[in-house]
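Here's the structure we're looking at; comments come further down.
The values are calculated or read from the model by the stated rules, or taken from the named source; none is laboratory data. These numbers were taken from a predicted model, which means no experiment stands behind them. Cβ atoms come from the backbone with ideal geometry, glycine included; neighbour counts cover every protein chain shown.
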Amino acid sequence: MFTLRQLEIFVALAESSRVIDVAESLHMSPSAVSMAVRELEKEVGEELYERIGKRLVLNERGRYFRTHAREIVEGAHHLYQSFKADLSGGHLQLAASVTISNYLLPAWIGDYRSQNATVKITLKTANSTDVIEMVRSGVCDLGFVEGRFEENDLESLILMSDELVVVGSDPVLAQRPFYIDELSPRRWVLRERGSGTREIFLSQISPVDKELNIDMEFEHNEAIKRYLLHDKEALSCLPKLSVSEELRQGKMFEARIKAHRFEREFRLIWRREKIITRVVSDFKRYVSELKIL
C-alpha cells in the first residue's frame with residue numbers, strides 16, 4: 001500500500017515535472033524523489049510517468065491517478081489544519097451508573113457543552129460494576145460510579161455524597177420510624193446485582209439482609225418507582241435524587257430507619273495508565289469543580 005508521503009511527492013511532481021524543483025520544495029534529494037516515484041509505481045503495478053530527458057511527464061494512467069491522489073492529499077492537509085486549529089474539539093466516551101446518568105449528567109454535560117460546543121459526548125448507562133469494566137477495558141474514557149471503590153488499576157475522584165432512602169407508596173411508612181427487621185417481611189424490589197445502590201443498602205443492614213424478602217430485581221430506578229406506585233406492600237431503597245418529586249407530591253413516602261443512614265459517594269474514575277488528552281483533562285477539571293454541589 002502506498003503512503004501519504006508518496007502521494008504528496010507524486011502530486012508535487014505532477015504539477016512541476018522537474019525532479020530537482022520538487023526535491024527543493026520538499027527538502028529532499030532528487031534521488032529520494034525519484035525513488036519514491038518508482039516505489040509508488042511498483043505499488044500500483046504500472047508506470048505513471050513517461051521519461052522524456054530529465055523530465056517526467058504523466059501518461060494517461062498517471063493523469064487518472066493524479067485526480068484521486070490530489071483529493072486524498074488535500075483532504076489530509078485540510079484535516080491536519082482543522083485539527084490543529086480546533087484545540088478544544090474531541091469526542092468523549094463516558095459511562096455512568098444509572099442514578100448519575102439519569103439525574104446529574106444531563107445537566108452537567110449540557111453546561112459543559114454550552115462552552116465547548118465542538119466536543120461530542122457519548123454516554124453509556126450501566127450499573128457501577130459494568131462502568132468500571134468499560135473504563136478498565138478502554139471502551140470509555142471516563143466513568144461515574146457510586147458506592148465503595150477499591151480498584152487498584154483505576155484512579156478516582158470523589159465528587160459528592162448521595163443519600164439513599166427506603167420508600168414505598170403506603171402512607172403508613174411516614175407515621176413513625178421503623179427498625180429494618182420490622183419491614184424485612186414486606187415485598188422488596190431492588191436493583192440488580194452489581195448496582196451500587198443495592199450494594200450500599202444490603203451492606204448497611206447486614207445481617208438483616210439475609211432475612212429480607214427480595215421479591216423482584218429491576219435494572220432501572222424508574223421501573224422500580226412505577227411498580228411501587230401500584231403495590232403499596234412493596235418497598236425499595238432508592239437514591240433520594242430519584243424520588244424527590246414523588247415524595248414532594250405525596251405519591252411516595254419515606255420510611256425512616258432507626259440506627260441506619262444510607263449514604264454513598266459518587267466518583268469520577270479513569271484508567272491509571274490512560275493517556276490524558278486535552279479534552280479529557282478539561283472535562284475532568286470541569287467535573288471536579290462540581291464537588292461543591
Mind telling me which of the residues Arg271, Arg264 ends up being surrounded by 15 or more Cβ atoms within 10 Å (Cβ to Cβ) and closer than 28 Å to Pro185 by Cβ?
Arg264
Can you say whether Phe149 is under 16 Å from Thr197 (Cα atoms), surrounded by fewer than 21 Cβ atoms within 10 Å (Cβ to Cβ), of a type in the set (Phe, Trp, Tyr) and in contact with a helix residue (DSSP H, G or I) (Cβ under 9 Å, 6 or more places away or on another chain), as far as the supplied structure shows?
yes
Among the numbered criteria (1) within 17 Å of the chain's Cα centre (by Cα); (2) part of a loop (DSSP other than H, G, I, E, B), which single criterion is violated by Arg148?
(1)
Gly250 meets each of (1) surrounded by 19 or more Cβ atoms within 10 Å (Cβ to Cβ); (2) over 30 Å from the mean Cα position of the chain (by Cα); (3) at pLDDT 95 or above with one exception, condition (1)
Got a number for residues in segment 150-183 being under 30 Å from Ser288 (Cα atoms) and of a type outside the set (D, E, K, R)?
11
Give segment 79-102 a look and list any residue that's at pLDDT 90 or above and either in contact with a Lys or Arg (Cβ under 6 Å, 6 or more places away or on another chain) or among the aromatic types (Phe, Trp, Tyr) (or both), or say none.
Ala95
Quick one: which of Ala223, Ala255, Ala234 is of a type in the set (Gly, Ala, Ser) and in contact with a Lys or Arg (Cβ under 6 Å, 6 or more places away or on another chain)?
Ala234
Of the residues in segment 175-192, those that are farther than 18 Å from Ile224 by Cβ and in a loop (DSSP other than H, G, I, E, B) come to Gln175, Arg176, Pro177, Tyr179, Pro185
Complete set of residues in segment 4-32 that are polar (S, T, N, Q) and under 24 Å from Thr67 (Cβ atoms):
Gln6, Ser16, Ser17, Ser25
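Here is a yes/no grid of residues against (1) within 26 Å of the chain's Cα centre (by Cα); (2) in a strand (DSSP E or B); (3) surrounded by fewer than 12 Cβ atoms within 10 Å (Cβ to Cβ):
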residue	(1), (2), (3)
Ile121	yes, yes, no
Leu159	yes, yes, no
Val167	no, yes, no
Leu173	no, no, no
Write out, first by first residue and then by second, each pair whose Cβ atoms fall under 8 Å of each other, whose residues are 6+ apart or on separate chains, and whose first residue, in segment 219-233, is surrounded by fewer than 17 Cβ atoms within 10 Å (Cβ to Cβ) while the second is in a loop (DSSP other than H, G, I, E, B) and not small (Gly, Ala, Ser).
Glu219/Asn127; Glu219/Glu192; Leu229/Lys251; Leu229/Met252; Lys232/Asp170; Glu233/Asp170; Glu233/Arg186
